[in-house]
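What follows is one structure encoded as structure tokens, with my remarks underneath.
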Amino acid sequence: MVQAKQFPDDVQFSTFFERDVPISKMFTFTREQGGYARALNENRLKLLIDNFMPAALGVVLLSMRNDGTYALIDGQHRAAASQVHGIKAMDAYVYIVLTIEDEAALDEGLGDYLKQTARD
């Protein structure tokens, strides 16, 4: 039997866009942890840090977990570069009802869209 997700009282289920989500509450569920996401690519991260443009950050894609943390589906490099530059929060599209399998499918689909390879 699948247990229903429990969310903090202030979660509005119609909300899919959130401003100023704390980066400290975001995490990447990497393959090394038994998840689906690739680990940070240090070369790509360095490039983003060196050429940092706050106006080009866009939004990250997140999946809210039961404990109020957010799994990063897309944007882990931008979030890490932002932290290096002292930014504490980012705008995000927040998915409320995704399963881990749904997160993995989105992550894989975005990897295909971005033409990422195992080498990335």
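The values are calculated or read from the model by the stated rules, or taken from the named source; none is laboratory data. Keep in mind that what you see is a predicted model, and the values were worked out from it rather than measured. All Cβ positions, even for glycine, are placed from backbone atoms using ideal geometry, and neighbour counts span all protein chains on display.
Within 9 Å of the chain's Cα centre (by Cα) and either closer than 18 Å to D107 by Cα or at pLDDT below 95 (or both) - does that describe any residue in segment 36-47? Spell out the reasoning first.
Residues of segment 36-47 that are within 9 Å of the chain's Cα centre (by Cα), as a first pass: none.
No, that holds for no residue.
Out of (1) at pLDDT below 90; (2) assigned to a loop (DSSP other than H, G, I, E, B), the odd one out for E18 is which?
(2)
Just the residues that are among the hydroxyl-bearing types (S, T, Y) and touching a Leu at 6+ places or on another chain (Cβ under 8 Å), please, taken from segment 29-72.
The answer is S63, Y70.
Determine which member of the set Q76, Q83 is of a type in the set (S, T, N, Q) and over 11 Å from the mean Cα position of the chain (by Cα).
Q83
Looking at (1) at pLDDT 95 or above; (2) more than 23 Å from F16 (Cα to Cα), which is the one condition that is false for E32?
So E32 meets the others, but not (1).
When residues of segment 37-77 are filtered for being among the aliphatic types (A, V, I, L, M) and out of contact with any Ser or Thr (no Cβ under 7 Å at 6 or more places or on another chain), how many remain?
Of the residues in segment 37-77, 13 are among the aliphatic types (A, V, I, L, M) and out of contact with any Ser or Thr (no Cβ under 7 Å at 6 or more places or on another chain).
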